[in-house]
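Trainee: My questions will all concern the structure given below.
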Amino acid sequence: MSIIDDILSKTDMDEIRKETEENYRQYVNPFALRMFKNASLDIIEGKREGASVWDISGQKYIDCVTGAGIFNVGRHNKEIVEGLKKALDTYDMGGWISIVRERGILAKKLAEITPGDLKYSLFCCGGGEAIEVAVKLARGHTDKTEIICMENGYHGVTGFALPATGRDVYKQPFAPLTPGYRHVRYNDIGAVEEAITEETAAVLLEPIQGEGGIIPADDAYLRQLRELCTKNEILLVFDEVQTGFGRTGKMFCAEHSGVNPDIMVLAKSLSGGLYPLSCAVFTEEIAEFLMTHPFIIINSFGGTSLACLVALATIEYIENNDLPGHATRMGGRFMAGLSALKGKYPKLVLDVRGRGLMLGMEFPEDSIGPRMAYQLKQNGVISIYTFNNPRIIRIMPTLVITEQEVDFVLEAFDRSLAEISKQEEKNAAR
Ligand SMILES: Cc1ncc(COP(=O)(O)O)c(C=O)c1O
């Protein structure tokens, strides 16, 4: 029996759990295992389908984490899986020191669907790496060094991305970091104006801050930012790693404001949840930097044949099934239900916000986010607080979630909030 047959054929769930947890304890990361348990995310994924994931024990959950936006097309999307299987009959990953046909087709498709004059794509595997590409292109193109980014933003933890991430706890142990990054208040155009110097190469931001607590940028702010950047010959970079591919009710979040960035960073759902891929998409003008240095930013695994085929099938699925439209409709249903819960539990729920199916609920104190995650899990839903702001619990299901499943999640929220209200009353009476 091959190793894969052996792993896939095991059915004793207690044994699998014991073996997996022991491997984590001994060989992966015992502290991560403890954190998963504390965050009520100690699920060992078994079956995955549509909006749901099953623990190996067979317990079903609606997935409202989705790897912070990886599974827009649904968990284990059958159509895309079939496409990948067909591709695997003929293809391996493809060599990177050769010309990759599928990469060209995908880059052309991305040029068609991304807003404005975005045209060229440079591929890598993860979101942080694609942010690095954006920073390098901005510096290379402008011959300037400074990147203005946002307090509480999240852009990953790799070399050129980490300094842009707006939370010190990720950065302190690794100092000195790449210099030249300035953080300003989000949604504050005056703060950007003040931070601009002769050395400013780019402004980098998420059009909705994900890990910062599901905070949408105002459309007017983004338009002002565009004007300011154009006036000062500064590049505008949108990190659409979480917001891209239909999540917010448009193919890309930038479309809500009508603002066209100079560079857009894409990852997570570009992979179809099946094959890692990320990229920075940029204008022809910026691409000129690569003319003299065509291989200055390279990546062995970025934009492989298989990854590009999966990404093309993913985009096709999003378009054919109008997932942005569906996200708008299901997001509206969620917002109505969550707003009603805000009215029902005014002491517990301070705010509900977001766009499409990128939603968050805000609590008055840090401890409630993790407690909500625990309660939700008891009620068949997995979710997690946002990493830079534990007062917010995210609601980021797949974009194939049905009306019935939305209602199921809303009921789980209702029951969880009722339980926490009871606990709070008991605590207050002590
Ligand atoms: C907005 C945003 N940018 C960048 C990243 C980094 O992506 P990765 O973890 O794939 O490096 C993330 C990851 O969650 C993200 O949410």
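Trainee: Exactly one of (1) of a type in the set (S, T, N, Q); (2) within 16 Å of the ligand (Cβ to nearest atom); (3) at pLDDT 95 or above is unmet by residue 404. Its number?
Mentor: Checking residue 404 against (1) of a type in the set (S, T, N, Q); (2) within 16 Å of the ligand (Cβ to nearest atom); (3) at pLDDT 95 or above, the one that fails is (2).
Trainee: Against the condition more than 27 Å from residue 395 (Cα to Cα) and either within 16 Å of the ligand (Cβ to nearest atom) or in the same structural domain as residue 220 (by TED's automatic domain parsing) (or both), how does residue 297 come out, does it pass?
Mentor: yes
Trainee: So residue 81 passes all but one of these: (1) without any contact (Cβ under 8 Å) to a residue 24 or more places away in the chain; (2) within 25 Å of the chain's Cα centre (by Cα). Which condition number does it fail?
Mentor: The failed condition is (1).
Trainee: Next question, about the same structure. Out of (1) within 24 Å of residue 69 (Cβ to Cβ); (2) among the basic types (Lys, Arg); (3) away from the ligand (no atom under 16 Å from the Cβ), the odd one out for residue 394 is which?
Mentor: Tallying (1) within 24 Å of residue 69 (Cβ to Cβ); (2) among the basic types (Lys, Arg); (3) away from the ligand (no atom under 16 Å from the Cβ), residue 394 fails exactly one: (3).
Trainee: Specify the residue that is nearest to the ligand (Cβ to nearest atom); the eligible residues are those in region 57-97 that are under 29 Å from residue 355 (Cβ atoms) and small (Gly, Ala, Ser).
Mentor: 68
Trainee: Could you run through region 192-215 and say how many residues are within 14 Å of the chain's Cα centre (by Cα) and of a type outside the set (A, V, I, L, M)?
Mentor: Number satisfying all stated conditions: 7.
Trainee: Exactly one of (1) within 24 Å of residue 249 (Cβ to Cβ); (2) assigned by TED's automatic domain parsing to the domain that holds residue 141; (3) without any contact (Cβ under 8 Å) to a residue 24 or more places away in the chain is unmet by residue 332. Its number?
Mentor: Looking at each condition in turn, residue 332 falls short on (2).
Trainee: Follow-up. Would you tally the residues in region 241-268 being within 11 Å of the ligand (Cβ to nearest atom) and among the small types (Gly, Ala, Ser)?
Mentor: Of the residues in region 241-268, 2 are within 11 Å of the ligand (Cβ to nearest atom) and among the small types (Gly, Ala, Ser).
Trainee: Would you be able to say whether some residue in region 26-48 is touching a helix residue (DSSP H, G or I) at 6+ places or on another chain (Cβ under 6 Å), without any contact (Cβ under 8 Å) to a residue 24 or more places away in the chain, of a type outside the set (Asp, Glu) and not assigned by TED's automatic domain parsing to the domain that holds residue 267?
Mentor: Yes: region 26-48 contains one or more residues that are touching a helix residue (DSSP H, G or I) at 6+ places or on another chain (Cβ under 6 Å), without any contact (Cβ under 8 Å) to a residue 24 or more places away in the chain, of a type outside the set (Asp, Glu) and not assigned by TED's automatic domain parsing to the domain that holds residue 267.
Trainee: Looking at region 398-408, is at least one residue part of a helix (DSSP H, G or I) and free of Cβ contacts under 8 Å to residues at least 12 places away in the same chain?
Mentor: Taking every residue of region 398-408 in turn, at least one turns out to be part of a helix (DSSP H, G or I) and free of Cβ contacts under 8 Å to residues at least 12 places away in the same chain.
Trainee: Moving to a separate point now. Within region 72-97, take every residue that is touching a strand residue (DSSP E or B) at 6+ places or on another chain (Cβ under 7 Å) and part of a loop (DSSP other than H, G, I, E, B) and give me the one that is nearest to residue 266 (Cα to Cα).
Mentor: 74
Trainee: Quick one: would you say residue 309 is crowded, with 22+ Cβ neighbours inside 10 Å, touching a residue at least 40 places away in the same chain (Cβ under 8 Å), among the hydrophobic types (A, V, I, L, M, F, W, C) and more than 20 Å from residue 216 (Cβ to Cβ)?
Mentor: It is true that residue 309 is crowded, with 22+ Cβ neighbours inside 10 Å, touching a residue at least 40 places away in the same chain (Cβ under 8 Å), among the hydrophobic types (A, V, I, L, M, F, W, C) and more than 20 Å from residue 216 (Cβ to Cβ).
Trainee: Any chance region 381-402 includes a residue that's surrounded by fewer than 16 Cβ atoms within 10 Å (Cβ to Cβ) and not small (Gly, Ala, Ser)?
Mentor: yes
The values are calculated or read from the model by the stated rules, or taken from the named source; none is laboratory data. Source: prediction; values computed, not measured. In this analysis, Cβ positions are derived from the backbone assuming ideal geometry, glycine residues included, and neighbour counts consider all displayed protein chains.
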